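Written below as structure tokens is the structure these notes are about.
The values are calculated or read from the model by the stated rules, or taken from the named source; none is laboratory data. What you see is a predicted model, and the numbers here were worked out from it, not measured in a lab. Backbone-built Cβ (ideal geometry, glycine too); neighbour counts: all protein chains shown.
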Amino acid sequence: MLSTETLRSPVPTRFERIQPWISTGCRLILAAVWLVAGGLKVGSVQQSVQAVQAYELPLPDVLVTLIGWGLPWFEVALGLLLLAGLLTRPAAIVSAISLTIFMIGVASAWARGLTIDCGCFGGGGQVAPGEAQYVSELLRDTGLLLLAGWLIWRPRSLFSLDRVADDEENS
Amino acid sequence: MSKKTQANKKLKKAGVSPATGSNARERARAQAQADKRKKDRFTLIVVALVVVAVVIVGGIAVSWFQSTRSPDAGPASGNEYAQDLIVNQPVVFGEQDAPNTISIYLDFRCPHCIDFEEEFGDLVEKAVDGGEWKNEVWPMSFLGPSSVTMANAFACSVEEGFGRSYHRGLFQDYSLEWNNSQLLALGEQVNGSVPTSFNSCVQNMGQSDWVASIGATAQADGVQGTPTVRINGESYDLGGVTREQFAADLGVQP
């Protein structure tokens, strides 16, 4: 039986052929970044709390502690979803929102004249004046934000559970 | 134009004969299949969301436990050196007339200080116990509120005469948040029981002036980060130093 895919366009365009591969690449890179970022932090609870404290955000202490405890696991969970390719678009949206919040945090630390490490991949806390790396941190997050953006636009990728479960894929 | 005729037209265009009675059944089956897939997908999404929730909530629960459980001090250090602390002057472990001095500037919350202590702490203790060295300890406190309370409790323990074991205990359990009850519990663990003066010193930040003076003096002396090690006043580069090298520099067995 013919699939609607072939009905729509008998010959896939070059874009249609390479798009799933690009999306797969974006998905896996984002997954790896989240898993590494979270994984490096889950083992050192206090450091993670300190990294959040270092931003000196106007939040209650309890909330700062909870963020320090929960954020690494949140990143791991997000990484697992992307790795499995499950709920790809929602995971990409959450990634983009998180990255935006991180960038606002880093930019605000910079603007307030703090000299801290972002604590993105473990570590964090104060660093010597002049050793803060805000520009490269923001550039890295911008790059990741682009990957997330692509994935929101074109979430369909190879080797994903979404594909297995997708009700439109083969009907 | 109805949906059906539209679909038939599409099929015709693709060279397939329009729907007849026989493949109406087929369509119904396809519809059932699609429904099942939809249901499977829904299940998968629910499972995914549950897994995500479990990971995050479980992670927070684990962190809570790791942070707030009672401390678990290792064996106490052998020799203790009680002393009355003087502002701007460090804690000194060891005999006053020991010929060599190793000064360690640390923050109880600094990750590299924890690494240093894990890797070299016992060698420093060994060197001090050998009588050739005394160990100046400068507990700085710039890494947040618990840095300060830990440095204060350490100072309290030094005055009570169990500072060396306490120092070791603080580093050993670095995953704790070290609230007051944990700081008090550590005192009891390393010393059996503690005098009430220790409790009030911890709870009322009795050594906060001394703690502040240590940070200021260290900074004035050009200490820019922790851990900083100075041997007989000369700065000692920790970069790439192996355990064997460090032991050799202190003249002890690794």
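What the table shows:
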| quantity | calculated |
| --- | --- |
| Among (1) at negative phi; (2) over 15 Å from the mean Cα position of the chain (by Cα), the one test that A:Phe102 misses | (2) |
| Long-range neighbours under 9 Å by Cβ, at least six apart or interchain, first residue within 17 Å of A:Ile104 (Cβ to Cβ) within the range A:54-78, second of a type in the set (A, V, I, L, M) and assigned to a loop (DSSP other than H, G, I, E, B) | A:Ala54/A:Leu114; A:Ala54/B:Leu143; A:Tyr55/A:Leu114; A:Glu56/A:Leu114; A:Leu63/A:Leu57; A:Val64/A:Leu57; A:Ile67/A:Leu57; A:Ile67/A:Leu59 |
| Per-region count, the range A:100-130, residues in a loop (DSSP other than H, G, I, E, B), within 14 Å of another protein chain (Cβ to nearest Cβ) and under 12 Å from A:Ala54 (Cα atoms) | 6 |
| Selected residue [facing chain B (nearest Cβ under 10 Å) and outside any helix (DSSP H, G or I)] from A:Leu57, A:Leu86 | A:Leu86 |
| Which listed residue is touching a strand residue (DSSP E or B) at 6+ places or on another chain (Cβ under 8 Å) and on the phi > 0 side of the Ramachandran plot, from A:Gly85, A:Gly123, A:Gly113 | A:Gly123 |
| Failed item in (1) farther than 30 Å from A:Leu161 by Cβ; (2) within 14 Å of another protein chain (Cβ to nearest Cβ); (3) surrounded by 13 or more Cβ atoms within 10 Å (Cβ to Cβ), with B:Glu95 passing the rest | (2) |
| Filter result (under 20 Å from A:Val45 (Cα atoms) and either touching a residue at least 40 places away in the same chain (Cβ under 8 Å) or basic (Lys, Arg) (or both)) within the range B:39-79 | B:Gln66, B:Ser67, B:Thr68, B:Arg69, B:Ser70, B:Pro71, B:Asp72, B:Ala73 |
| Condition met for A:Ser136 (closer than 25 Å to A:Ile22 by Cβ and within 14 Å of chain B (Cβ to nearest Cβ)) | no |
| Matching residues in the range A:15-53 - criterion: being within 12 Å of chain B (Cβ to nearest Cβ) and either among the charged types (D, E, K, R) or in contact with a Cys (Cβ under 6 Å, 6 or more places away or on another chain) (or both) | A:Lys41 |
| Checking B:Arg29 against (1) surrounded by fewer than 19 Cβ atoms within 10 Å (Cβ to Cβ); (2) of a type in the set (D, E, K, R); (3) within 30 Å of A:Trp73 (Cβ to Cβ), the condition it does not meet | (3) |
| Among the candidates A:Leu83, A:Leu71, residue that is at pLDDT 95 or above and either out of contact with any helix residue (DSSP H, G or I) (no Cβ under 9 Å at 6 or more places or on another chain) or surrounded by fewer than 20 Cβ atoms within 10 Å (Cβ to Cβ) (or both) | A:Leu83 |
| Test: residue in the range B:151-164 that is at pLDDT 95 or above, out of contact with any Pro (no Cβ under 7 Å at 6 or more places or on another chain) and within 14 Å of chain A (Cβ to nearest Cβ) | no |
| All positions within the range B:117-168 that are farther than 18 Å from B:Ile214 by Cβ and part of a loop (DSSP other than H, G, I, E, B) | B:Gly130, B:Gly131, B:Glu132, B:Gly161, B:Phe162 |
| Options B:Ser141, B:Ser103; residue that is within 18 Å of the chain's Cα centre (by Cα) and under 29 Å from A:Ile116 (Cα atoms) | B:Ser141 |
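Residue-by-condition table, conditions (1) modelled with pLDDT of 90 or more; (2) more than 14 Å from chain A (Cβ to nearest Cβ):
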{"position": "B:Asp40", "(1), (2)": "no, no"}
{"position": "B:Leu49", "(1), (2)": "yes, no"}
{"position": "B:Val54", "(1), (2)": "yes, no"}
{"position": "B:Gly59", "(1), (2)": "yes, no"}
{"position": "B:Val62", "(1), (2)": "yes, no"}
{"position": "B:Arg69", "(1), (2)": "yes, no"}
{"position": "B:Ala76", "(1), (2)": "no, yes"}
{"position": "B:Asn79", "(1), (2)": "no, yes"}
{"position": "B:Ala82", "(1), (2)": "no, yes"}
